[in-house]
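Working notes, structure below.
The numbers here are math on the coordinates, done by the rules we state, and not lab data. Not measured: the values here are computed from a predicted model. Positions of Cβ are generated from backbone atoms using ideal geometry, with glycine treated the same way; all protein chains shown enter the neighbour counts.
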Amino acid sequence: MNTPLFDTHAHLVSGDWDSYPPRPLRPDLPTRCAQNFTVTANRSSKGWRSRMCGACLVQRGHLYGYDNS
């Protein structure tokens with residue numbers, strides 16, 4: 001029997017850099033490498049469907065700082 005799981009800390013990275021520009025917590029944090037690494041809610045949910053019943057989506061702090069948009 002598979003117990004449903006809830007991902008409590010799923011990080012998202014937008015592919016839309018004009019609408020969601022990097023705003024890192026510190027200016028020395030790298031952001032350029034993330035531009036080739038998109039993790040959307042839709043893309044992530046495909047991997048969850050087998051056992052995941054839900055998730056708490058959060059921004060990547062080193063990329064977006066405290067901006068939750």
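Calculate the spin-label point distance for CYS56 paired with ASP16, positioning each point 7 Å from the Cα along the beta-carbon direction, and give it in nanometres.
For the pair ASP16/CYS56, the computed spacing is 2.6 nm.
Taking 0.36 nm per intervening residue step and subtracting the Cα-Cα distance, what contour gain separates ASN36 from ASN2 on full extension?
Working: separation 34, 0.36 × 34 = 12.24 nm, distance 3.39 nm.
Length gained, ASN36 through ASN2: 8.8 nm.
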